[in-house]
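*Asks:* Questions regarding the structure given below will be posed in turn.
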Amino acid sequence: MLTIRESSRDERDTAAMSMHDTVGEDGPGQLFTSLEAAAIIGCARVTLAERLRDGSVPGWRNDFGRWMLDAAGLAVAKSVIHPMPKRREDCLTCHQIGDLLYSWETATVLELTPVMGIHEGNVRKHLNDLAARGLAVRRLDGAWELTAPGIAWIKPQGDEPLLSPTDFANELDREVSTGT
């Protein structure tokens, strides 16, 4: 009885690369998979695959269906595709939100949104960045607060405390009613 075994993707990739003994070596005949090329460029593999499909980046599919690029194709891809922006670890908006959390002790996204002047989704993004770094935590009631490392990170250097949410709302009402 004959048993048919499906090969895994890794086995297929290894077999495809072994067909081209210049893959991974330096030189004019060097070949790259779409995954390797995307890592070199700094873009998502899907972005590179779209450019390969629409023809703006030269490349071909190998016998196993994998996109391949040579050194010339990689050079074109570098000029056509812009790398993904790197997220700043210590952005100004995170500092501003941290200042507000330090002054107010706790705040919800809806309280922070009008003060920051950015969309509430962006406020959430920055709060999640702070949480990922262990600087802020979301309570069960949905309010956010700084952790002990967050307080140490944002402790004001002689600055005046910012307005509380209630004071801010009163200030905003005053500006709207007077037209200033």
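*Asks:* Restricting attention to segment 27-67, which trypsin sites (Lys or Arg not before Pro) occupy a DSSP loop and are surrounded by at most 15 other Cβ atoms within 10 Å?
*Replies:* Sparse-neighbourhood loop trypsin sites (Lys or Arg not before Pro): none present.
*Asks:* Once phi is turned into ³J(HN,Hα) by the Karplus curve 6.51 cos²θ - 1.76 cosθ + 1.60 with θ = phi - 60°, what whole-Hz value does each residue of segment 69-75 show in order, with x for glycine and proline?
*Replies:* Each residue's phi maps through the Karplus curve to give 10, 9, 4, 5, x, 5, 5 Hz.
*Asks:* Points 7 angstrom from Cα along the Cβ direction at Trp60 and Arg45: gap in nanometres?
*Replies:* For the pair Trp60/Arg45, the computed spacing is 2.2 nm.
Bear in mind these aren't lab numbers, they're just calculated from the coordinates by the rules spelled out. These figures come from a predicted structure and were not determined experimentally. Cβ coordinates were reconstructed from backbone atoms using ideal geometry, including for glycine residues, and neighbour counts include every protein chain displayed.
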